[in-house]
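For reference, the structure discussed in these notes is given below.
The values are calculated or read from the model by the stated rules, or taken from the named source; none is laboratory data. These figures come from a predicted structure and were not determined experimentally. A quick note on method: Cβ atoms are made from the backbone with ideal geometry, for glycine too, and the neighbour counts reach across all protein chains shown. Surface accessibility is based on the protein's heavy atoms, side chains included, excluding ligands, DNA and RNA. Shrake-Rupley method; radii C 1.70, N 1.55, O 1.52, S 1.80 Å.
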Amino acid sequence: MKVLANDGLAQSGVDALEKAGFEVILTTVAQDQLESYINENNIDVILVRSATTVRQELIDACPSLKIIGRGGVGMDNIDVQYAKDKGLHVINTPASSSHSVGELVFAHLFGLVRFLQDANRNMPLEGDTKFGALKKSYAKGVELKGQTLGVIGFGRIGQATAKIALGLGMKVIAFDPFFDKVDLDLEFFDGQKVSFTVNTVSKEEVLKNADFITLHVPAQDGYVISTPEFKMMKNTAIIINAARGGVIDEVALIEALESGEIAKAGLDVFESEPKPSMKVLMNPNISLTPHIGAATLEAQDRIGTELADQIISILK
Ligand SMILES: NC(=O)c1ccc[n+]([C@@H]2O[C@H](COP(=O)([O-])OP(=O)(O)OC[C@H]3O[C@@H](n4cnc5c(N)ncnc54)[C@H](O)[C@@H]3O)[C@@H](O)[C@H]2O)c1
């Protein structure tokens, strides 16, 4: 059987599939050539990430397809219900990158509490002439240990982020309309485990009491964080968005930063992605990354293995 991994597949996935007798094709076929390529080569499984789209027309035109697989979470690029109605299996790997996103939240937080977002901008310009002045301006760092992390959206990534926080000695408070309490298992390098229960609280309690706030909600109609929410936060608060652009009102964010309503922010996702607003990009109190939350080698490996396992169990 043939698997076309049109947007690439980690070696772990290729190895597992080949071991089970599948032929894996890693060619990237242009979107408008896909139909003829799939039909000429009798492809059974098409694997995509976010680049390739699999719409009704392609599904109708390619009767050899049995599985559509998405490495990662969102399935906006696949007509999922249509494929399922036609009897195809549609699979994805929603948990594979949770820990990677959690670590990126802490990359932003660790950097922001010690002014790295600003030091990395100013050291190349003034590090040799104004070393002492820069040292003084970054002298009032704070530690994460002992501080309170507020998590809004306590699903897979929110929970993975909370586990890192607990491991660092932080207090965790969380809001999620879906959960009253969540049991987290913290696993250590030698196999020891500690179970920890987090009781969720109201959104207001998180906003008022957290030193740092991190968002892990899906895209939705309307902002989750805008002017009223910023007003409830501590003046020293730092907010991180590694969820989806449009969850934070960026105009309100810049106002809150400029008026001192909150202290700093870390953004991996942007309202006007892939062209974030200049006001956001130029703000010295925002730590920036270009939507790389899931982009670790380990997450790619887990995606490869999880897709391969699912394909093997469906087709073998
Ligand atoms: N930065 C990246 O590269 C990256 C990578 C993967 C996923 N993501 C994004 O991270 C987000 C979370 O992913 P996940 O896998 O944890 O999803 P999930 O479905 O496991 O969890 C989301 C949780 O948010 C809760 N929720 C929904 N609306 C809410 C609201 N208004 N207030 C509070 N809670 C709310 C839901 O009840 C759910 O428990 C998604 O938006 C996803 O697209 C980003």
Taking the Cα centre of region 229-316 as origin, sum charge times position over the Cβ atoms of Lys and Arg (+1) and Asp and Glu (-1), and report the length of that vector in debye to the nearest 20.
60 debye
By a straight-distance test (C-alpha under 25 Å), which lysines pair with K66 as possible cross-link partners, with residues fewer than eight away in the same chain excluded?
K2, K19, K84, K86, K316
Where a Cα-Cα gap under 20 Å defines reach, which lysines qualify for K135, not counting those fewer than 8 residues away within the same chain?
K264
Hey, got the dipole for region 241-291? About the Cα centre, +1 on K and R Cβ, -1 on D and E Cβ, debye to the nearest 20?
160 debye
Magnitude of the Cβ-charge dipole of the chain, K/R +1 and D/E -1, about the Cα centre, nearest 20 debye?
940 debye
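Just the number please: accessible area per residue for the chain, 1.4 Å probe, all protein chains included, in Å².
It amounts to 50 Å² per residue over the chain.
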Roughly how much of T296 is accessible, in Å² to the nearest 10, using a 1.4 Å probe?
40 Å²
Measure off, as a whole percent, the carbon and sulfur share of the 1.4 Å-probe accessible area of region 28-88, all protein chains present.
44 percent
Dipole check, the chain, charges on Cβ (K,R +1; D,E -1), about Cα centroid: among V206, F22, I78 the Cα furthest to the positive pole belongs to V206
For H108, H89, give me the order by solvent-accessible area with a 1.4 Å probe, most accessible first, ignoring ligands, DNA and RNA.
H89, H108
Compute the distribution of all C-alpha to C-alpha distances in region 175-243, in bins of 10 Å from 0, and list the percent of pairs in each, rounded to whole numbers.
16, 41, 30, 11, 2
Take the Cα atoms of the chain, find their three principal axes, and give me the spread along each one in whole Å, biggest first.
66, 45, 40
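Largest first, how would D85, D44, D60 line up by accessible area (1.4 Å probe)? Intermediate values should be presented prior to the final figure.
On the way: D85 115, D44 20, D60 75 Å².
Order by accessible area, largest first: D85, D60, D44.
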Working with all protein chains in place, sort M232, M282, M1 by solvent-accessible area computed with a 1.4 Å probe, largest first.
M282, M1, M232
Three principal axis lengths of region 241-294 [C-alpha, angstrom, descending]
31, 19, 17
Using the Kirkwood formula over every pair of different C-alpha atoms, what hydrodynamic radius in Å results for region 73-210?
18.1 Å
By a straight-distance test (C-alpha under 22 Å), which lysines pair with K181 as possible cross-link partners, with residues fewer than eight away in the same chain excluded?
K163, K171, K193, K203, K208
Positive dipole terminus of the chain, leading residue within V280, G69, A295 (C-beta point charges)
V280
Given that compact globular proteins tend to follow 2.2 N^0.38 Å, what is the ratio of the alpha-carbon Rg of region 155-299 to that value?
1.08
